[in-house]
Amino acid sequence: MKKPGFMHTTAGDDLQRDPSPAYTNRLSRRDSLKLLAALAASTLLPALPGCEPVPTTSKVGKAAGTEHWPELKLPAIDAKGYGKDPNLILPPDAPWPLTLTPAQLTMLALLADIVVPAEGNSPSASQVQVPSVVDEWVSAPYPSQQRDRLTILSALAWIDDEAQLRFNGQFSALTAKQQLAIVDDIAYDNENTPLQFQRIAKAFARLRNLILAAYFCTPQGIKDIGYLGNVPIAGAYPGPTAEAYAHLDNTLAQLGLTEFAYPVA
């Protein structure tokens, strides 16, 4: 199983390079909406940390003069959603417009592949179109998605600003080593996180959670964790394993229900 982590760098990464190739979306809207629905229904996303809205103000950071948080004024998304009784047979092709720009998608692809790089036979997050799923998520006109929209876009803007401040270039134009230097500082929000990185660390946690949840909603991600559900069994049903029977017997005994087990017809 793939272990989310951060990419390794090699000699020569300190050289400036051309901007990364633009991210290319290869998902149809129907497929990205299916993954959006799976992501919304996933138990993985709510269970991950960082799900609370990121604060819009930071008195500590501003007072210390160490923060450059972007105060974004995003236009409202007033598109209609599916409603309470959507037509699942012939759903609308595009119920709402996608909102991320090509530059934001390219930057998101770079960050997604830092969080979930390719490993062995497992593809990276961008290879399974995770940025497109995140684009669908933050473009949806529902309250929770719109809270995430402000958080994710603020995080992307902060990271690009930080790239300019540190290395005088856009994040997508930095070397892998320079990109990782920024991500390392904001990767986790804990007691060791400097004041100037605390708010972006919370925002990045939400972005990381969305990337991970979206990845493991894709067919490749499901295969990667070894999930065997929704697979037809060829031939006759073999029945529960001996281990399953032993577990059931033990549970029934603890509940005092052994006498009611396996009734004879």
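The values are calculated or read from the model by the stated rules, or taken from the named source; none is laboratory data. What you are looking at is a predicted structure, and each value in this text was computed from that prediction instead of being measured. Because the Cβ atoms are built from the backbone with ideal geometry, glycine has one as well, and the counts that use them run over all protein chains shown. Calculation scope for accessible area: heavy atoms of the full protein, side chains included, ligands and nucleic acids excluded. Shrake-Rupley method; radii C 1.70, N 1.55, O 1.52, S 1.80 Å.
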Dipole of the range 192-261 (Lys/Arg Cβ +1, Asp/Glu Cβ -1, origin at the Cα centre): which of T241, N192, N209 lies farthest to the positive side?
N192
Ignoring ligands, DNA and RNA, what percent of the accessible area of the range 120-245 is carbon or sulfur (1.4 Å)?
54
Extending each Cα 7 Å along its Cβ direction at D249 and S144, get the distance between those two points in nm, one decimal.
4.2
Calculate the FRET efficiency for H68 and N25 from the Cβ-Cβ distance with a Förster distance of 25 Å, rounded to the nearest 0.05.
0.25
Expected vector for the range 147-152, Karplus 3J(HN,Hα) from phi with 6.51, -1.76, 1.60 and θ = phi - 60°, integer Hz, x for Gly and Pro, equals 5, 5, 4, 5, 5, 5
